[in-house]
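What follows is a single structure, written as structure tokens, with notes after it.
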Amino acid sequence: MTRADQEKDKYRRMWNCWQYRLNSPGERLVGTFLKHAAWEKGDSLIDVGCGTGRAAKALWEKGFRVTMLDIAPNAPEMSLPFFEACLWDLPGTPYYDWFYCTDVMEHIPPEHVDQSLYNLSEMADRGFFQIALCQDGCGDLIGERLHLTVRPHLWWLSKLTKHWIVTVLPDQQAERLVCLVETRLKVPENRTKLPNTEV
């Protein structure tokens, strides 16, 4: 069994626990993203590690063309476009205007953080992160550890700045990093972007 298979099995079991569905960091931060990001109605966005999909639904209601992605097929509760994938082992995907990645990176095994960030940089030219900097107790419900890469702000910033210009947002707490990112490079013309159809 590969590491991706192990993590998929872990999160299938985790999402079967109703308690895990009560908390949605991404949903809580939609307002922060909308306030600070230079977005437009009709922008395409992929919610990476979408979980229940409540954040995705809130962004869709604001006018984004939303796709959801998660490693666990039983996670989403919302009827929006969804595909199941592992962040460090992604199939080819369209190029989006935005990625939205909250409470995800700390779940990635340390040996796969760099590849996961690279894959995100290939998916969109702008993005939003919230990264938890502390351990999580929900894994106790299934006897597993969920936050596998718990590192300080500066460690994560050193990783992010390899790929993007990073704007750290004022909505900070000691236990999390919240930021917008934008690529330094012009988007290649041969990238397959989603068609700009009306929402």
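All of the numbers you see were taken from the coordinates with simple rules; none came from a lab. All of these numbers come straight from a predicted model, not from anything done at the bench. Glycine gets a Cβ as well: all are built from the backbone with ideal geometry, and neighbour counts include every protein chain shown.
Given DSSP loops and a limit of at most 14 other Cβ atoms within 10 Å, what is the longest stretch of the chain that contains no such trypsin sites (Lys or Arg not before Pro)? Each step should come with its number before you reach the end.
Details: sites that count: K41, R145, K162, R184, K186, R191.
Free of exposed loop sites, the longest segment is 42-144.
Assign one of three labels to segment 3-183, namely rounded, prolate or oblate, based on the Cα gyration tensor with a ≥ b ≥ c the square roots of its eigenvalues; rounded applies when a/c is under 1.5, prolate when it is not and a/b is larger than b/c, and oblate otherwise. Could the numbers behind the result be given before it?
Numbers: a/c = 1.36, a/b = 1.15, b/c = 1.18.
Rounded, because the longest to shortest axis ratio a/c is under 1.5.
Which percentage, to the nearest 5, of the DSSP beta bridges contained in segment 3-183 is antiparallel?
On the way: 14 of 31 bridges.
Of those bridges, close to 45 percent are antiparallel.
List the residues whose amide H sits under 5 Å from the amide H of I46, counting only those 5 or more places along or on another chain, with H placed 1.01 Å from N in the peptide plane.
Those qualifying (amide H under 5 Å, at least 5 residues apart or on another chain) are T67, W98, F99, Y100.
Counting each DSSP H run of 4 or more residues in the chain as -39500 (n - 2.57), what helix-only mean residue ellipticity at 222 nm follows after dividing by all residues, to the nearest 500 deg cm²/dmol?
Working: 6 runs with 51 residues, N = 199.
Estimated from H runs of four or more residues: -7000 deg cm²/dmol.
Work out from phi, with θ = phi - 60° and the Karplus expression 6.51 cos²θ - 1.76 cosθ + 1.60, the ³J(HN,Hα) of each residue of segment 50-63, listed in order in whole Hz, and give x for Gly and Pro.
Calculated HN-Hα couplings, in order: 5, x, 5, x, 5, 5, 4, 5, 5, 6, 4, 5, 7, x Hz.
Can you grab the distance from the C-alpha centre of segment 106-162 to the C-alpha centre of segment 61-94, Å, no decimals?
Between the Cα centres of segment 106-162 and segment 61-94 lies a distance of 17 Å.
Below 14 Å, Cα to Cα, which aspartates and glutamates can K41 reach? Residues fewer than 8 away in the same chain don't count.
Here the aspartates and glutamates satisfying the reach criterion relative to K41 are E61, D97, E198.
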